[in-house]
1. Consider the range 7-44. How many of its residues are assigned to a loop (DSSP other than H, G, I, E, B) and modelled with pLDDT under 90?
2. Filter the range 45-100 for residues that are among the aromatic types (Phe, Trp, Tyr) and assigned to a helix (DSSP H, G or I); which is farthest from Phe34 (Cα to Cα)?
3. Sort through Ala70, Ala81, Ala74, Ala88 and tell me the only one that's closer than 14 Å to Val31 by Cα and free of Cβ contacts under 8 Å to residues at least 60 places away in the same chain.
4. Could you check the range 1-32 and list, in sequence order, the residues that are crowded, with 16+ Cβ neighbours inside 10 Å and more than 22 Å from Ser77 (Cβ to Cβ)?
5. Can you pull out the residues in the range 72-97 that are among the hydrophobic types (A, V, I, L, M, F, W, C) and surrounded by 13 or more Cβ atoms within 10 Å (Cβ to Cβ)?
Amino acid sequence: MPRTEAQTRSDLIDSQVAQSGWNVKVPTQVVEEFDILTPLPQGVAEPRTPYEGHQFSDYVLLGKDHKPLAVVEAKKSSKDAALGREQAKQYCYNIQRQRG
């Protein structure tokens, strides 16, 4: 039976993140639902919804300097993993633009 995104996170990702040395319960190590600012569409001066101009990564792993080091994007098991990889790449690009 396919896992939901929440099940994928709790059953697979949380333990793999922990095995890699990060504690998902410590916000100075891992931020869940990390808010990434994105540019508004051309010609739009003000956000039309509270979330326009924002993306939310499932996890961002922080380095010892507390700066984003890695993005982990979860998908339900019925989705192609390539979709999650591409989404994580876009998040990395936007974090880099936002933070320099």
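1. Residues of the range 7-44 that are assigned to a loop (DSSP other than H, G, I, E, B), as a first pass: 20-29, 38-44.
Now narrow it down to the ones that are modelled with pLDDT under 90: 38-44.
Result for the range 7-44: 7.
2. Initially, the range 45-100 is screened for residues among the aromatic types (Phe, Trp, Tyr), giving 51, 56, 59, 91, 93.
From what's left, assigned to a helix (DSSP H, G or I): 91, 93.
Details: Tyr91: 10, Tyr93: 14 Å.
Here the residue is Tyr93.
3. Values: Ala81 fails: closer than 14 Å to Val31 by Cα; Ala74 fails: free of Cβ contacts under 8 Å to residues at least 60 places away in the same chain; Ala88 fails: closer than 14 Å to Val31 by Cα.
Going through Ala70, Ala81, Ala74, Ala88 in turn, the sole match is Ala70.
4. Listed by number, the residues that qualify are Trp22, Gln29, Val31.
5. Taking the range 72-97 first, the residues among the hydrophobic types (A, V, I, L, M, F, W, C) are 72, 74, 81-83, 88, 92, 95.
Selection gives Val72, Ala74, Ala88, Cys92, Ile95.
The values are calculated or read from the model by the stated rules, or taken from the named source; none is laboratory data. None of these values were measured; they are calculated from a predicted model. Note: ideal-geometry Cβ built from the backbone for every residue, glycine included; neighbour counts use all protein chains shown.
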